[in-house]
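Below is one structure, written out as structure tokens; the observations come after it.
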Amino acid sequence: RALHRVVAAHLWVMSMAVSRASSCCVLPRLITAQPRPRRLHTNNHVRRDFGLGRKTTKPTLTLRAAASTSSQMGAGGPIAGAVVVADTARVASSGAEIPLLGLGTWKLPKADTAALVCAAITRGWRHIDCACDYGNEAEVGAGIRAALDAGVCTREELWVTSKLWNTYHAPEHVRAACAKSLEDLGLQYLDLYHVHFPISLKYVPFEQRYPPEWVHDPAGPNPVMVYAPVPIAQTWGAMEALVDEGLVKHIGVCNFGVSLLTDLMASARIPPAVLQIESHPYLCQDFLVQWAQQHGVHVTCFSPLGSASYVEMGWTKPTEGAIHEGCVQEAAAAHGATPGQVLLRWGTQRGCSLIPKTSRPERLEENIGIFAKENTFTLSAAEMAAISALDRNKRYNDPAEFCKGMGGPCPIYN
């Protein structure tokens with residue numbers, strides 16, 4: 001009941017923020033969503049005990065504001081069957097359609113997560129990117145359930161991704177880790193399950209600490225990472241078993257380079273369907289993107305807007321970022337778009353899906369607005385080249401740097 005009250009209050013505040021934003025700016029005209037049928041299981045909001053096969057009813061959180069109409073949420077509010085939805089890309093290994101724009105949930109505050117996720121789905125977002133390590137999957141699940149219960153969309157219309165954390169690479173721990181994410185999210189299956197990093201750490205039981213994060217014993221006299229010698233092929237075999245069992249539809253990897261991908265694909269029975277990497281104009285990774293696409297692996301880019309997510313962590317400055325570059329500003333002026341929309345369009349024109357993170361409801365409108373019919377624009381070859389020329393191999397999320405104080409560095413990209 002307490003969670004219900006907190007999340008409902010936050011959703012009300014966010015919906016009011018969207019309404020105020022709608023009154024002072026021109027929001028994209030809504031286009032009719034065209035549902036794309038996919039052969040997926042339905043979600044009946046029943047939690048399954050994946051270890052014992054026992055079913056128990058999962059509490060359902062009802063957020064009344066999730067079903068708000070445009071008259072309740074402002075001129076840009078969603079109405080049944082008329083929301084701005086992202087274009088999709090076809091996953092080569094299965095033919096499934098992955099939305100080109102997804103909501104990143106890394107560093108979303110727990111208190112705001114459920115309301116923001118529900119608001120995003122209500123505003124047309126159909127791709128949610130999660131992870132055990134983010135520590136907010138239960139709240140993400142509450143937001144998903146609220147949107148589904150309000151009839152905003154069906155489970156089949158959503159693409160939900162989660163990730164296997166470093167401490168669960170041993171084959172005997174992979175299924176339990178996946179089941180834990182499913183339980184927290186309140187789902188029967190995942191559309192995509194990634195190996196989060198090519199880094200295997202010593203196992204930490206759920207009851208000891210969850211999520212376990214990087215350091216093995218934070219309270220110990222020497223709080224450092226403790227590595228575990230688990231070959232990635234063994235981890236991947238257990239990931240393949242999740243597909244066989246129907247717990248996940250696709251499996252993929254994050255933060256892998258060509259060498260690791262080549263080795264993995266040489267022995268994999270089920271090849272990785274998706275590669276998730278950091279990519280933005282300061283870190284284009286063109287060769288890696290092209291190689292993956294040529295080998296039938298779809299690429300998802302995290303931090304597509306660059307440095308914004310890392311300012312609060314002290315890893316960059318507020319004045320840094322491709323969003324401030326002259327060529328980006330000029331393209332925005334030429335197309336009547338915002339600089340952020342230009343960066344998102346640059347990413348999608350490379351054939352990648354993107355997972356920008358935002359905690360501001362008005363940004364949900366702005367970001368997905370690139371797919372609104374009258375707002376759609378295409379960057380010219382010259383504009384694409386100018387933005388790509390900003391590449392400086394600047395990586396913000398690098399364990400070679402942030403693991404230094406944890407017994408590192410861990411230079412997985414060297």
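Any residue at all in the range 299-308 that is part of a helix (DSSP H, G or I), within 19 Å of the chain's Cα centre (by Cα) and of a type in the set (Ser, Thr, Tyr)? Don't jump to the end; show me each part of the working.
Step one: of the range 299-308, the residues part of a helix (DSSP H, G or I) are 307-308.
Okay, now just the ones that are also within 19 Å of the chain's Cα centre (by Cα), so 307-308.
Checking which are of a type in the set (Ser, Thr, Tyr) leaves us with 307.
There is at least one residue in the range 299-308 that is part of a helix (DSSP H, G or I), within 19 Å of the chain's Cα centre (by Cα) and of a type in the set (Ser, Thr, Tyr).
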- Lone unmet requirement of (1) open to solvent by 10 Å² or more (accessible area, probe 1.4 Å); (2) closer than 26 Å to Leu275 by Cα; (3) not hydrophobic (A, V, I, L, M, F, W, C) for Thr105: (1)
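Looking only at the range 163-177, filter to residues that are over 13 Å from Leu242 (Cβ atoms) and out of contact with any Leu (no Cβ under 7 Å at 6 or more places or on another chain); which one of those is surrounded by the fewest Cβ atoms within 10 Å (Cβ to Cβ)? If you could, list the steps in order and put the result at the bottom.
Filtering the range 163-177 for residues over 13 Å from Leu242 (Cβ atoms) gives 165-167, 169-170, 172.
Right, trim to out of contact with any Leu (no Cβ under 7 Å at 6 or more places or on another chain) and you get 165, 169-170, 172.
On the way: Trp165: 26, His169: 29, Ala170: 17, Glu172: 10.
Top of the filtered list is Glu172.
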- Task: Within the range 154-207, work out how many residues are touching a Pro at 6+ places or on another chain (Cβ under 8 Å) and among the aromatic types (Phe, Trp, Tyr).
- Result: 3
- Message: When the residues of the range 288-305 are narrowed to those that are open to solvent by 10 Å² or more (accessible area, probe 1.4 Å) and touching a helix residue (DSSP H, G or I) at 6+ places or on another chain (Cβ under 8 Å), which ends up modelled with the lowest pLDDT?
- Response: Leu305
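Look at the range 84-135 and say how many of its residues are among the hydrophobic types (A, V, I, L, M, F, W, C) and part of a strand (DSSP E or B). First the steps, then the outcome.
Quick first cut of the range 84-135, residues among the hydrophobic types (A, V, I, L, M, F, W, C) only: 84-86, 89, 91-92, 96, 98, 100-101, 103, 106, 108, 111, 114-121, 125, 128, 130-132.
After this cut, where a residue has to be part of a strand (DSSP E or B) as well, the list is 89, 98, 101, 103, 128.
Total satisfying the criteria: 5.
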- If you check every pair at least six apart or on different chains, which have Cβ atoms under 6 Å apart with a residue in the range 101-119 that is of a type in the set (Asp, Glu) first and a residue that is part of a helix (DSSP H, G or I) second? Asp112/His10
- Task: Being β-branched (Val, Ile, Thr) and part of a loop (DSSP other than H, G, I, E, B) is the filter; apply it to the range 214-237 and report the residue that is farthest from Gly135 (Cα to Cα).
- Result: Val230
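Residues Pro211, Pro272: which one is part of a loop (DSSP other than H, G, I, E, B) and either β-branched (Val, Ile, Thr) or in contact with an Asp or Glu (Cβ under 6 Å, 6 or more places away or on another chain) (or both)?
Numbers: Pro272 fails: either β-branched (Val, Ile, Thr) or in contact with an Asp or Glu (Cβ under 6 Å, 6 or more places away or on another chain) (or both).
Of the residues listed, the single one that is part of a loop (DSSP other than H, G, I, E, B) and either β-branched (Val, Ile, Thr) or in contact with an Asp or Glu (Cβ under 6 Å, 6 or more places away or on another chain) (or both) is Pro211.
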- Query: Out of the range 185-206, which residues are under 27 Å from Ile144 (Cβ atoms), among the hydroxyl-bearing types (Ser, Thr, Tyr) and without any contact (Cβ under 8 Å) to a residue 60 or more places away in the chain?
  - Reply: Tyr193
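Show me the helices (runs of 4 or more DSSP H) entirely contained within the range 322-388 in which 3 or more residues are open to solvent by 30 Å² or more (accessible area, probe 1.4 Å).
On the way: elements: 326-335, 339-349, 361-368, 381-388.
Answer list for the range 322-388: 326-335, 361-368, 381-388.
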- Item | Residue that is modelled with pLDDT of 95 or more and under 21 Å from Ile98 (Cβ atoms), where the choices are Val195, Val174 | Val195
- Message: Return the residues of the range 147-173 that are under 19 Å from the mean Cα position of the chain (by Cα) and of a type in the set (A, V, I, L, M); say none if nothing qualifies.
- Response: Ala147, Leu148, Leu158, Val160, Leu164
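The values are calculated or read from the model by the stated rules, or taken from the named source; none is laboratory data. In this text, all values refer to a predicted model and were calculated from it rather than measured experimentally. Note that we place each Cβ from the backbone using ideal geometry, even for glycine, and neighbour counts take in every protein chain shown. Note: areas computed on protein heavy atoms with side chains; ligands, DNA, RNA excluded. Shrake-Rupley method; radii C 1.70, N 1.55, O 1.52, S 1.80 Å.
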